[in-house]
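The values are calculated or read from the model by the stated rules, or taken from the named source; none is laboratory data. What you see is a predicted model; the values in this text were computed from it and never measured. Reconstructed Cβ throughout: ideal geometry from the backbone, glycine too, with neighbour counts over all protein chains shown. For the accessible areas, the whole protein counts, side chains as well, though only heavy atoms, and no ligand, DNA or RNA atoms are used. Shrake-Rupley method; radii C 1.70, N 1.55, O 1.52, S 1.80 Å.
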Protein chains: 2
Amino acid sequence: MGNYSKADTGKLNDLDQYKFAPEELPAPMVGKLFLGDLVNLTSMDVSLNKDAPNTGMSFFHSHKNNEELHIFLRGTGEMVIDEDRFTVTEGSIVKVDPNAKRAWWNTGNEDLYYAVIQAPANGLKAAGLNDAELGEAKVPWI
Amino acid sequence: MGNYSKADTGKLNDLDQYKFAPEELPAPMVGKLFLGDLVNLTSMDVSLNKDAPNTGMSFFHSHKNNEELHIFLRGTGEMVIDEDRFTVTEGSIVKVDPNAKRAWWNTGNEDLYYAVIQAPANGLKAAGLNDAELGEAKVPWI
């Protein structure tokens, strides 16, 4: 497995087989799977999430250092960030600064699917082509 | 819009409305949307991707500093990382270290959907509850 790690988390539909329920958490979260330990992430942590209707993040939290990006994949919900409350659905992308207080909820009739990624705010120096080196070898498919 | 930024990228099915085609790129990439500029990311960059059958990343690249995480959402493909070649499908999670040479391809009959996240390797100091502060206020949905 040289310079990579991989894991198979199963179908998104089956994410509710996972539960995030550390003691310190005000309420256990069914359908939340963190990927960091699975593939030895050193730059970020990521959770994949499936929330049943009328469930979600039932308490507010903020972060000390990490920026958080929410990518909504399916379903309909709401987020509250500080004083603002808005709807999210497939294709909604929300970046939350560390100190903002946030919570969210599945307000629709179907399951809500989303990924949440956290990494240190202001830590990115370059991205995309500016951080890349292009190789000479041909890919095997063409 | 205080301490957050949001954008609406549309349905995943419609990701092929977007194209990533800077001059330096060996080939234009249809269906690749970077989120960094859309929501002012400072910690990471992220692309959402839809590849038609028999398309994909048609050249190898590595990174200088960024670790990259691939989250496969729908469809079936292959990745090559250095000397290894393997299948990916819904729920496959692949973390690639910066200097590994990587490419991937939609080898199935349906569109391949995936997210790619990059952030500086070894940049994460704490995550999840270790970076969080829990709030006292009640969420509005319960």
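Provide the buried accessible surface between chains A and B in square angstrom, both chains summed, 1.4 Å probe, rounded to the nearest 100. Please list the in-between numbers first.
On the way: alone 9930 and 9910 Å², together 12510 Å².
Summing both sides, the interface buries roughly 7300 Å².
Would you look at the GNM of chain B, springs on alpha carbons closer than 10 Å, and say which of B:120, B:26, B:53 moves the most?
Its mean-square fluctuation being the largest, the pick is B:26.
Could you compute the FRET efficiency for residue A:3 and residue B:136, with r as their C-beta to C-beta distance and R0 at 30 Å, rounded to 0.05?
Values: r = 44 Å, r/R0 = 1.48.
After rounding, the FRET efficiency stands at 0.10.
For segment A:19-115, what is the charge dipole size about the Cα centre, in debye to the nearest 20, if Lys and Arg each add +1 at the Cβ and Asp and Glu each add -1 at the Cβ? Provide the component values of the computation, followed by the final result.
Working: 9 positive and 15 negative charges, 23 e Å.
Here the size comes out at about 100 debye.
Name the shape class, rounded, prolate or oblate, that the alpha-carbon gyration tensor gives for chain A, where a ≥ b ≥ c are the square roots of its eigenvalues, rounded holds for a/c under 1.5, and otherwise prolate holds if a/b is larger than b/c and oblate otherwise. If you can, show how the numbers build up before the last one.
Values: a/c = 1.77, a/b = 1.49, b/c = 1.19.
Cα axes put chain A in the prolate bin.
Charges only on Cβ, +1 for Lys and Arg, -1 for Asp and Glu: so what's the dipole of segment B:1-62 about the Cα centre, in debye to the nearest 20?
Details: 5 positive and 8 negative charges, 36 e Å.
Roughly 180 debye for segment B:1-62.
Below 12 angstrom from the Cβ of residue B:26, what's the summed charge of the other residues (Lys, Arg +1; Asp, Glu -1)?
Values: positive: A:138; negative: A:136, B:23, B:24.
Value of the local net charge: -2.
Which value at 222 nm does chain B reach when only helices count, each DSSP H run of 4 or more adding -39,500 (n - 2.57), with the total divided by all residues and rounded to the nearest 500 deg cm²/dmol? The partial results should precede the final answer.
On the way: 1 runs with 4 residues, N = 142.
After summing the helix terms and dividing by the residues of chain B, the value is -500 deg cm²/dmol.
Among A:130-137, B:104-111, how do they line up from the highest to the lowest mean number of other beta-carbon atoms within 10 Å? It would help to have the intermediate numbers written out before the result.
Details: A:130-137: 13.5, B:104-111: 18.1.
Descending packing order for the listed peptides: B:104-111, A:130-137.
To the nearest 20 debye, what is the magnitude of the charge dipole of the protein assembly as shown about its Cα centre, counting +1 on the Cβ of each Lys and Arg and -1 on the Cβ of each Asp and Glu? Working shown, then result.
Values: 26 positive and 42 negative charges, 9 e Å.
So the dipole magnitude of the protein assembly as shown works out to roughly 40 debye.
Label-to-label distances across copies for residue A:87, with labels 7 Å out along Cα→Cβ, in nm, shortest first?
4.0
Considering only B:38, B:56, B:72, whose Cα is most displaced toward the positive end of the charge dipole of segment B:22-81, charges sitting on Cβ of Lys, Arg (+1) and Asp, Glu (-1)?
B:72
How big is the gap, in Å, between the Cα center of segment B:77-142 and the Cα center of segment A:1-29?
Each part reduced to its Cα centre gives a spacing of 12 Å.
Ignoring ligands, DNA and RNA, how do A:97, A:51, A:37 rank by accessible area with a 1.4 Å probe, largest first? Mind dumping the intermediate values first?
Details: A:97 35, A:51 10, A:37 150 Å².
Accessible-area ranking of A:97, A:51, A:37, largest first: A:37, A:97, A:51.
Shielding of A:7-17 by partners, i.e. mean partner chain Cβ atoms within 10 Å per residue? Could the numbers behind the result be given before it?
Details: counts 5, 7, 6, 3, 4, 4, 2, 2, 1, 0, 0.
So the per-residue partner count for this stretch is 3.
With the cut-off at 32 Å, tell me which of the pairs A:19/B:95; A:32/B:138; A:101/B:101 have Cα atoms farther apart than that.
Values: A:19/B:95 22 Å; A:32/B:138 21 Å; A:101/B:101 39 Å.
Those over the limit are A:101/B:101.
Round to a whole number: what % of the accessible area of the protein assembly as shown belongs to carbon and sulfur, probe 1.4 Å? Show your work: numbers first, answer last.
Numbers: 5520 of 12510 Å².
Carbon and sulfur atoms account for 44 percent of the accessible area of the protein assembly as shown.
Please report the net charge: other residues with Cβ closer than 13 Å to the Cβ of residue B:99, K and R +1, D and E -1.
Local charge sum for residue B:99: -3.
Indicate the gyration tensor shape class of segment B:74-124 (rounded, prolate or oblate), computed on the Cα atoms with a ≥ b ≥ c the square roots of the eigenvalues: a/c under 1.5 is rounded; otherwise a/b larger than b/c is prolate and the rest oblate.
Working: a/c = 2.80, a/b = 1.59, b/c = 1.76.
Oblate, since a/c reaches 1.5 and b/c is not below a/b.
Tally Lys/Arg at +1 and Asp/Glu at -1 over every other residue whose Cβ is under 12 Å from the Cβ of residue A:42; what's the total? Intermediate values should be presented prior to the final figure.
Working: positive: B:95, B:125; negative: A:37, A:45, B:67, B:68, B:97.
Spelling it out: positives minus negatives among the neighbours equals -3.
Could you order B:50, A:6 so the one with the most accessible surface comes first? Probe is 1.4 Å. Let's see the in-between values first.
Working: B:50 20, A:6 90 Å².
Ranked list, largest accessible area first: A:6, B:50.
Looking at the square roots a ≥ b ≥ c of the eigenvalues of the Cα gyration tensor of the protein assembly as shown, which shape do they give, rounded for a/c under 1.5, prolate if a/b is larger than b/c, or oblate?
Numbers: a/c = 1.70, a/b = 1.57, b/c = 1.09.
Because a/c hits 1.5 or more and a/b exceeds b/c, the protein assembly as shown counts as prolate.
I want to verify a result. In a Gaussian network model of chain A, Cα cutoff 10 Å, which of these has the top mean-square fluctuation: A:39, A:96, A:88?
A:39
What aspartates and glutamates could a cross-link reach from residue B:64, if we take a straight Cα to Cα line under 14 Å and drop same-chain neighbours fewer than 8 places away?
Counting by Cα, and skipping residues close in sequence, residue B:64 has these aspartates and glutamates nearby: A:131, A:133, B:97.
Please average, across the residues of B:34-42, the number of beta carbons from any other chain that are within 10 Å of each residue's own beta carbon, and give a whole number.
Mean number of neighbouring Cβ atoms from other chains: 5.
Per residue, how much accessible surface does segment A:55-114 expose to a 1.4 Å probe? Answer in Å², no decimals.
Details: 2030 Å² over 60 residues.
It amounts to 34 Å² per residue over segment A:55-114.
Which whole number gives the average, over all residues in B:110-119, of C-beta atoms from other chains lying within 10 Å of the residue C-beta? Let's see the in-between values first.
On the way: counts 0, 0, 0, 1, 0, 5, 0, 9, 9, 12.
Per residue, the number of nearby Cβ atoms from other chains is 4 on average.
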